[in-house]
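What follows draws every value from the coordinates through simple rules; no lab data is involved. Just so it is clear, the model here is predicted, and its values are computed rather than measured. Cβ placement follows ideal geometry from the backbone for every residue including glycine, while neighbour counts extend to all protein chains displayed.
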Amino acid sequence: MNILSTWQNFSFQIAILIFIAYIVVDAMYAYYTLQVTKRKPYSAATIGALMHFLLAVGVLSYVENYLYLLPLALGSWVGTFIIVKREQHSNSVAQPQSPSNPKF
């Protein structure tokens, strides 16, 4: 498959759907990891199953056209970033910062 035919078969609608799906997938993966570390088996198992279903949809998309790897990677980055920032914020709210223990 050459780059011209790959680009001609590229759909921005599919790319946007993959981007959104992988925001969700990576957010789920980060949340899944949190649930496992908190030893919550039901939520971890449910999130894991849903996450793998969405991963399979992504794999089927980029096997068809490797250009879909770009929205996949960007969505993955955004999903992880959102969950980690949310967790960071919830930890800072739960533990007020004292002047003797500055957070940098």
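Put simply, the C-alpha atoms of the chain give a gyration tensor, and the ellipsoid matching it has half-axes of 35, 18, 8 Å, longest first. A Cβ-based charge dipole, computed about the Cα centre of the chain with Lys and Arg at +1 and Asp and Glu at -1, lands at about 480 debye. Between the listed residues Gly58, Ala44, Trp7, the Cα displaced farthest toward the positive end of the dipole of the chain, a dipole computed from Cβ unit charges relative to the Cα centre, is found at Ala44.
The label point for Ile82 and the one for Lys40, both projected 7 Å from the Cα toward the Cβ, are 1.7 nm apart. Whole-Hz Karplus values for region 53-62 come out as 4, 5, 4, 5, 4, x, 4, 4, 6, 7 Hz, taken residue by residue from phi with 6.51 cos²θ - 1.76 cosθ + 1.60 and θ = phi - 60°; glycine and proline positions read x.
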